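First up is the structure itself, then whatever we jot down about it.
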Amino acid sequence: MSNDVFRKSKDGAFYFVLGVIGLVVLAGLGAAFYMEHYGHVVTGMTNQIVWGLPHVFAIFLIVAASGVLNVASIGSVFGKPVYKARGPLAGLLAIAMLAGGLMVLMLDLGRSDRLIIAMTYLNLKSVFALNVFLYTVFFTVVALYLWTMLDRKMHAYSKYVGFAAFIWRLALTTGTGAIFGFLVARQAYGTALLAPMFIIMSFSFGLAVFMIVQAVMYSWNDRVLDEVILHRLKNLLATFVAAVLYFTVVYHMTNLYFAKQTAFEHFILIDGGVYTNLFWFGQILLGTLAPLAILFHPGLSKRNGWIVTASMLVILGAFAQLYVLLIGGQAFPLSIFPSMVESSSFFDGQIHTYSPSLPEFLLGMGGIAAAALITAIAAKVLNFMPDDKHHTVSH
Amino acid sequence: MSNDVDNSRRKFIAAGVAGTAGLVLAPGVTLLDMANARPAGEAASSTKRWGMLIDSTKCATGCNDCVTACGKENGVASTGHPETDPQWIRKIELKEVKSGKSHSLPMMCQHCAEPPCVDVCPTGASFKRADGIVLVDRHICIGCRYCMMACPYKARSFVHEEHDDQNPDVPRGKGCVESCTLCVHRVDKDMEPACVEACSAGNHGAMLFGDLNDANSEISKRIATYATTQVRADLALNTGVRYQGI
Amino acid sequence: MINPAKRRSVLGWLAAALSALLLAGVMPATADDEHGAHSGHKLIAKGDKCVRDEDYMRRNHMKILMHQRDETMRKGIRGSQDSLKNCIECHVNPKTNSVASSKEDFCMGCHSYAAVKLDCFECHSSKPKAPAVGMNPIVTPEQKSEGNDKQSSLSGKMRWQMQAKQASLNMGEGVK
Ligand code: SF4
Ligand code: SF4
């Protein structure tokens, strides 16, 4: 079967693609070394915008990693054969993307040379440390899950491990959301809404990534995905995208309700320049309404190419959303003296500027490439191609 | 009874003589140690809580004496990159929205009793000393900047560039986060923070340093007498730095 | 379908490769301890005796420094003879006024020979503090003799008590 996945005639092409991905990973590592050597002064990040583009990439990868596992959960936990067949690929993508995301996060640290310290000195009160724990267990559980799915002898356990992975995945995304939820002092964060919102975001981002990877694998192998399966998956994606929209609306409405947050909302929604544009055009128009239109369009939604396009738009919207949340949230100044106008040489009271730099972008792309590299190699060695032959697709 | 008094007096005198002998034997060390409220070799204790009271009515717009003194004491200098340069203490100019009344005051780490930076730090590099001073242990800080995201006062800075002009008492370098240490190296020698010293030296008298746990300290007395505020008191962080006049 | 046996061996290989990678990451840190200290390098600007036996220092200075580092950092115990600052006072190279600016200097001399990375001075100054009058943190006579000399150790103890007394006197007044 492995020959099915990447046939001999395509070996050359495969290694070429692998080489290109490898180069992007190397560029990412080079960028990290450059930042480490000269210090973060060579990036766009400052003492005002503390977390920048690398964090947008990292959070996207981590959130999507947990969400993509949803596909496997629906299969194992809820016993749907269509999803079961896709379980192994979903598990692989989850591990690969989490690894890519963590790589970006680690390499952006001011002292990435202290990785051992990061793993041995843990402040158990910290949500960050909690996340390190969540990630480690996630890796282990998903690896076990993959084993139970791939090894016939282990099939019997698949359901239980799958359930554990399902629960753990929810905990993981809650943890990621909580990283922001705990920042009470900042207008953009510090709300409990962020945790469930991150879970829904993860479903949507993860499925979008899955659909794209699946499409690539099918077309590489000159196979056509069953229309019924495609139909189901695209409906699921549409549901998730709509749910994210709902949460976005609730998030902004809640903020508007509290008087002290209105200035921040005004900034994001009306006069925040790049953030406002990214919000309305990036997240809402391109990332939400456009894919919804495609996915519900009677004609377009039947065409594989269009569905892939919709998935790509969802990912684009995801980046816009995270950029607005993360960087827009920091660009709006802290209100240290709420009833007063502040000014200082440390940029108090003024909108902070941020222009992402090339090394940051390369580091982020390096993380995506690392995830792609892991996926490609694993798919070459083992069989991750969804196998729909063993069950009949019911309508 | 009288015998007892005599006895203890004799002991006291003996100790005094021996002490003088110590003075002669090691003049430098003894002199240095004599000035110490806390004997060398003894750990900072929670019987004290260091704090500061800043009277903004005595703090003039344009006066930067505290900031200059801090920079000199701790080796924090501008590198010409204002957006990435660390600032341990800064002057903030304020204007009340309703009344238009303006204030000027120094802002730095507030040495919170419930510091969010410490809560979020993944490695435990951010910590609060027994006497309430909040510090970063640069040996285990990994430079994740989560503490900077968590601090409500923008008190922390990330060191974006290499430095080689450190004060031997104040280590600092690229890739770690730092903030006001309340001049811990001076406090340990029973000296005031550099900013407070400079404020007094300039005859402004807007800054007062002392032990919040000691009801008889000047700072405690003033806090007991006058209306003082904690910045962002709504967050209930119980700050060690208090303000008067805002 | 790859047969299960083959698949398992591939998985096994992956696991082995991963653990090898992890080990490789940890190795350099543990390898440090095994480096024999080399004894050729001596540069002492002040004082005639180190805070411990030389041979002991060669092998264990990092432990002493690490211990004192936490004492100072976490508890505020300063002025110990084991502090990095105190080391620098004695071992500074008068030519460079540093312990780590060149291979001629005390710390770098050994560390570059042993190829052990030294990152103290990324944050710490490698220069001594300009001496202030009346403050001399180098080893004092009675600190050096550590208990061998009865009289000085006694006076040391007395001095300790004096400070404690002084401290309790200051306590009530608070700090100006
Ligand atoms: S002011 Fe900021 S840096 Fe200082 S203790 Fe409070 S949270 Fe931490
Ligand atoms: S930057 Fe350093 S001190 Fe701040 S949270 Fe991270 S590890 Fe802790």
Computed over segment A:184-352, the relative contact order (Cα-Cα under 8 Å, seq sep at least six) in percent reads 27 percent
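Count, for each residue of A:35-41, the Cβ atoms from other chains sitting within 10 Å of its Cβ, then give me the mean as a whole number.
6
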The relative contact order of segment B:45-244, taking Cα pairs under 8 Å that sit 6 or more residues apart, comes to a percentage of 31 percent
Relative to chain A, whose Cα atoms define the longest principal axis, helix A:127-150 and its Cα axis are tilted in degrees, nearest 10, by 10 degrees
Dividing the surface of the Cα convex hull of segment A:30-74 by four yields a projected area in nm² of 4.1 nm²
For peptide A:42-50, the mean count of other chain Cβ atoms within 10 Å per residue Cβ is 6
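Per-residue counts of other Cβ atoms within 10 Å, averaged by peptide: what ranking do you get for B:205-212, A:74-81, highest first?
So the order, starting with the most tightly packed, is B:205-212, A:74-81.
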Under 5 Å from the placed amide H of B:Ser126, counting only residues 5+ away or on other chains, we find B:Asp137
Taking Cα atoms only, helix A:87-108 is inclined relative to the longest principal axis of chain A by an angle, in degrees rounded to 10, of 30 degrees
Each residue of A:326-338 has, on average, a number of other protein chain C-beta atoms within 10 Å of its C-beta equal to 3
Carbon and sulfur atoms account, in whole percent of the 1.4 Å probe accessible area of segment B:45-244, for 52 percent
With no solvent term and unit scatterers on the alpha-carbon positions of segment B:179-246, Debye gives log₁₀ I(q)/I(0) at q = 0.11, 0.15, 0.21, 0.22 Å⁻¹ of -0.29, -0.55, -1.08, -1.16
Dimensionless Rg/Rh of segment B:123-166, both radii on Cα and Rh by Kirkwood, sits at 0.98
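Take peptides B:218-230, B:114-126, A:282-294 and line them up by average Cβ neighbours within 10 Å, highest first, as a rough protection proxy.
B:114-126, A:282-294, B:218-230
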Restricting to Cα pairs under 8 Å and 6 or more apart, the percent relative contact order of chain A works out to 31 percent
Residue-normalised value, i.e. accessible area per residue, for segment B:47-132 at 1.4 Å probe, in Å², stands at 38 Å²
Relative to chain A, whose Cα atoms define the longest principal axis, helix A:53-76 and its Cα axis are tilted in degrees, nearest 10, by 40 degrees
The aspartates and glutamates whose Cα lies under 19 Å from the Cα of C:Lys117, excluding any fewer than 8 residues away in the same chain, are A:Glu36, A:Asp113, B:Glu162, B:Asp164, C:Asp32, C:Asp33, C:Glu34, C:Glu104, C:Asp105
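List, in the order given, every pair from B:Lys174/C:Lys127; B:Lys72/B:Lys128; B:Lys48/B:Lys128; B:Lys72/C:Lys75; B:Lys128/C:Lys75; B:Lys95/B:Lys154 whose Cα-Cα distance in the structure shown is over 22 Å.
B:Lys72/B:Lys128; B:Lys72/C:Lys75
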In Å, the C-alpha Rg and Dmax of chain A are 21.4, 70
Sparse-neighbourhood loop hits (GluC sites (Glu not before Pro), segment C:41-121; DSSP loop; Cβ within 10 Å at most 12 others) -> none
Result for segment A:1-138: accessible area per residue, probe 1.4 angstrom, in square angstrom, of 36 Å²
So the A/B interface buries, both sides summed and with a 1.4 Å probe, an accessible area in Å² (nearest 100) of 4500 Å²
Taking alpha-carbon centroids only, segment A:171-245 lies from segment B:117-196 a number of Å equal to 38 Å
On protein heavy atoms with a 1.4 Å probe, the accessible surface that disappears when B meets C, both sides summed and given to 100 Å², is 3900 Å²
Residues of segment A:16-32 with backbone N under 19 Å of the label point set 7 Å from the Cα of B:His81 along Cα→Cβ are A:30-32
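What ranking, highest mean first, results for peptides A:230-242, B:67-79 when packing means the other Cβ atoms within 10 Å averaged over each residue?
Peptide ranking by packing, descending: A:230-242, B:67-79.
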One would report the Cα pair-distance distribution of segment A:184-352, bin width 5 Å, in %, as 1, 9, 16, 19, 16, 12, 9, 7, 5, 3, 2, 1, 0
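The values are calculated or read from the model by the stated rules, or taken from the named source; none is laboratory data. Predicted, not measured: the structure shown is a model, and the values here were computed from it. Don't worry about glycine lacking a Cβ; one is built from the backbone with ideal geometry, like all the others, and counts go over all protein chains shown. These area figures cover heavy atoms from the full protein model, side chains too; ligands, DNA and RNA do not enter into them. Shrake-Rupley method; radii C 1.70, N 1.55, O 1.52, S 1.80 Å.
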